[in-house]
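Read the structure below first, then the notes.
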Amino acid sequence: MFEDLRDLYNATILERGRRPRHMRRLDDFDATAKGDNPMCGDRVQVWLKYAGDGSIAATGFDARGCEISKAAADLMVEAVAGRSADDTKALFAAFRTLAQTGSCPDHAAALAPMAPLAAVHEYPSRIKCATLPWHALIAALDGKGVSSSE
Amino acid sequence: MNAPLDLTSIRAQFPILAQKIRGKDLVFLDSAASAQKPRAVIDAMVGAMESQYANIHRGLHWMSERTTDAYEATRDSAARLLNAADRHEIVFVRNSTEGINLVAHSYGRGVLRPGQAVVISEMEHHSNIVPWQMLRDDHGTELRVAPITDTGELDMAAYEALFADGKVGLVAITHMSNVLGSYTPAERIIRIAHDHGAKVLLDGSQAVVHRRIDVQALDADFYVFTGHKLYGPTGIGVLYGKRELLEAMPPWMGGGDMISSVTYERSTWAQVPHKFEAGTPAILEGIGLNAAIKWVEAIGYDAIAAHEAALTDHGLARLSAIEGLTVIGRAQDRGGVISFTLDRAHAHDIATLLDRAGIAVRAGHHCAEPLMRRLGLESTARASFGIYTTTAEIDFLAETLTKVREFFR
């Protein structure tokens, strides 16, 4: 009955949603921020540790929400590893394009870790689930404590 | 005894129910958020625009007089629906939220004194929490929360205990929870409040859809409901208030239609209810609401309540039988709203899968975050029923939920 939903709920999303690899709080961190989706109640918190050059050395998160938001957070950790703040923000802009349209050809290589979420553009009410952890990540980079998907 | 509802005939009156969703029949189980509209409501609004429309309460011409009559007839219908003693006790607002805010601003700031307390319950919609917080912060009233039991019913002993110090001036409480489906025992709530000198506002957004309301029998001081959940249009709702209370309250918004006379030095207010109805109102929506009320009355609350009780019993039995599914709230006296969680899937994922089968449910915190916290939950999925809901639709929901659980194996 739901086989056509495997575009969104593909093997990667189901695996990462249920058994995220990076869902942990960093005890030693330089920045943290929370993200709330006030429309549905999803919550996420992101912790960041910077390297000496200011790039992202480690990312941890805690998420309470659906499979999509948890998988998005887990994949995001891999996508931003080693990136500078500016580079990470550019990647978020590209991911938004991916989530809203299904592709972002100019950044395909950098976005490869997020590619399993490309089908979310077919589910408009779920795009915010995928972008919520990124809002928290950017808020942490900017030194803001909270963010919102709205 | 009322004859059972002729569902085929009822469903045929809702054009939207013939829609296909991605090729599948629409199974609309989100009526508690907003109900679909019968042909009678659609025709009343379109008919007014096509043949009888002008601004009201001010024109001296034929069109304005006819439109005023049509709009004001809704006040009579709303008074009849609630069994209000006097049509002047019906104030038109945009929705329940605006009705509650009107009372919080006008009665709260104009009549309640700093230091007095407002009592709400643990199962309120945000719309019946936030206005009282704002009143507390602006005006120095206290906000007290009456707890619920683990079955999702108001804890009446704890409620009564809140009055012990004599500070409670107002109780604002739901008549039926939008999350748990629980009815609150309105008569007892009001009697206890009145025994302690407090007034009571009931939020009837959900209850008025399912049950006959009699504000005089309840002795309610204020009662609010919204049109769009009662098969009427958005943008129109009703605040009932006892006349002597409304007359003692200051206006909330200023503008046209709410004045008796205006000079630069001072203005005087129109009589109730117009004192609270500043500006050109939702004329077409008011006319649509009248059609909705008459449509509901023609079917009759006995038949509606019997139909929805049968649906709810059936829904509870079918959903409870699904492995891994937990129904949230087990109130004895409940209406056609069933919230649930599934062990293997988050509410949003449930909703997305159900949507693919053509089933519309709500998922999230249902604008009741403190209640979710009380229940130890982040979110639930919610199926809610209307006049047009069928047993077959509930069976389809149950069968599909079993498949949802298999999908997330």
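The values are calculated or read from the model by the stated rules, or taken from the named source; none is laboratory data. Here the structure is a predicted model, which is why all the values come from computation and not from measurement. Cβ atoms come from the backbone with ideal geometry, glycine included; neighbour counts cover every protein chain shown.
Matching residues to (1) farther than 26 Å from B:I129 by Cβ; (2) crowded, with 20+ Cβ neighbours inside 10 Å; (3) of a type in the set (A, V, I, L, M):
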residue: B:V327; (1), (2), (3): no, no, yes
residue: B:G336; (1), (2), (3): no, yes, no
residue: B:S339; (1), (2), (3): no, yes, no
residue: B:T352; (1), (2), (3): yes, yes, no
residue: B:A363; (1), (2), (3): no, yes, yes
residue: B:L375; (1), (2), (3): no, yes, yes
The lone condition B:A306 fails out of (1) surrounded by fewer than 17 Cβ atoms within 10 Å (Cβ to Cβ); (2) without any contact (Cβ under 8 Å) to a residue 40 or more places away in the chain; (3) away from chain A (no Cβ under 14 Å) is (2)
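Any residue at all in segment B:231-238 that's assigned to a strand (DSSP E or B) and either touching an Asp or Glu at 6+ places or on another chain (Cβ under 7 Å) or in contact (Cβ under 8 Å) with a residue 24 or more places away in the chain (or both)? Lay out the reasoning, then the answer.
Residues of segment B:231-238 that are assigned to a strand (DSSP E or B), as a first pass: B:237-238.
Now drop any that are not either touching an Asp or Glu at 6+ places or on another chain (Cβ under 7 Å) or in contact (Cβ under 8 Å) with a residue 24 or more places away in the chain (or both), which leaves B:237-238.
Scanning segment B:231-238, I find at least one residue that is assigned to a strand (DSSP E or B) and either touching an Asp or Glu at 6+ places or on another chain (Cβ under 7 Å) or in contact (Cβ under 8 Å) with a residue 24 or more places away in the chain (or both), so the answer is yes.
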When every residue in segment B:324-353 that is within 14 Å of another protein chain (Cβ to nearest Cβ) and of a type in the set (S, T, Y) is compared, the one nearest to B:A310 (Cα to Cα) is B:S339
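Identify all residues within segment B:263-283 that are more than 17 Å from B:F92 (Cβ to Cβ) and assigned to a loop (DSSP other than H, G, I, E, B); write none if there are none.
Here is the first cut: in segment B:263-283, the ones more than 17 Å from B:F92 (Cβ to Cβ) are B:263-268.
Correct list: B:T263, B:Y264, B:E265, B:R266.
Is it the case, given these coordinates, that B:G166 is of a type outside the set (V, I, T), farther than 23 Å from B:T141 by Cβ and outside any helix (DSSP H, G or I)?
Numbers: of a type outside the set (V, I, T): yes; farther than 23 Å from B:T141 by Cβ: no; outside any helix (DSSP H, G or I): yes.
So B:G166 does not fit the description; no.
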Per the list (1) without any contact (Cβ under 8 Å) to a residue 24 or more places away in the chain; (2) not in a strand (DSSP E or B), residue check on B:S260 breaks on (2)
Pairs returned, first residue in segment B:325-348 that is at positive phi, second residue that is part of a strand (DSSP E or B), beta-carbon separation under 8 angstrom, 6 or more apart or interchain, are B:G329/B:S182; B:G329/B:S339
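Of all residues being part of a helix (DSSP H, G or I) and within 21 Å of A:L137 (Cβ to Cβ) in segment A:1-26, which is farthest from the chain's Cα centre (by Cα)? Just the residue, please. Full working, then the answer.
Taking segment A:1-26 first, the residues part of a helix (DSSP H, G or I) are A:3-7, A:11-18.
Of the ones still in play, those that are also within 21 Å of A:L137 (Cβ to Cβ) are A:12-13, A:16-17.
On the way: A:T12: 14, A:I13: 12, A:R16: 12, A:G17: 12 Å.
Here the residue is A:T12.
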Within segment B:352-372, the residues that are closer than 21 Å to A:R18 by Cα and under 23 Å from the mean Cα position of the chain (by Cα) are B:A363, B:G364
Residue count, segment B:232-271, condition closer than 20 Å to B:S205 by Cβ and among the small types (G, A, S), comes to 4
Checked segment B:188-212 for anything surrounded by 24 or more Cβ atoms within 10 Å (Cβ to Cβ) and among the hydrophobic types (A, V, I, L, M, F, W, C); matches are B:I189, B:A193, B:L201, B:L202, B:V208, B:V209
Of those in segment B:374-401 that are within 10 Å of another protein chain (Cβ to nearest Cβ) and in a helix (DSSP H, G or I), the residue nearest to B:A321 (Cα to Cα) is B:E399
Here the residues within segment B:12-39 that are more than 22 Å from the chain's Cα centre (by Cα) and closer than 14 Å to B:V296 by Cα are B:Q13
Within segment B:248-293, the residues that are surrounded by 13 or more Cβ atoms within 10 Å (Cβ to Cβ) and charged (D, E, K, R) are B:D257, B:K275, B:E277, B:E285
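Could you run through segment B:136-148 and say how many residues are part of a strand (DSSP E or B) and of a type in the set (G, A, S)? Let's see the steps before the verdict.
From segment B:136-148, those part of a strand (DSSP E or B) are B:142-146, B:148; that's our starting set.
From what's left, of a type in the set (G, A, S): B:146.
Total satisfying the criteria: 1.
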Taking segment A:16-26 and the residues there that are surrounded by fewer than 16 Cβ atoms within 10 Å (Cβ to Cβ) and modelled with pLDDT under 95, the one that is nearest to the other protein chains (Cβ to nearest Cβ) would be A:R18
In segment B:149-161, is there at least one residue being under 18 Å from B:A117 (Cα atoms), assigned by TED's automatic domain parsing to the domain that holds B:I120, in contact (Cβ under 8 Å) with a residue 12 or more places away in the chain and part of a loop (DSSP other than H, G, I, E, B)? no
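Is there a residue being aromatic (F, W, Y) and farther than 22 Å from A:W47 by Cβ anywhere in segment A:129-142? Working first, answer last.
Let us first name the residues in segment A:129-142 that are aromatic (F, W, Y), namely A:134.
Next, only the ones that are farther than 22 Å from A:W47 by Cβ stay: none.
Looking for residues that are aromatic (F, W, Y) and farther than 22 Å from A:W47 by Cβ, one finds none in segment A:129-142, hence no.
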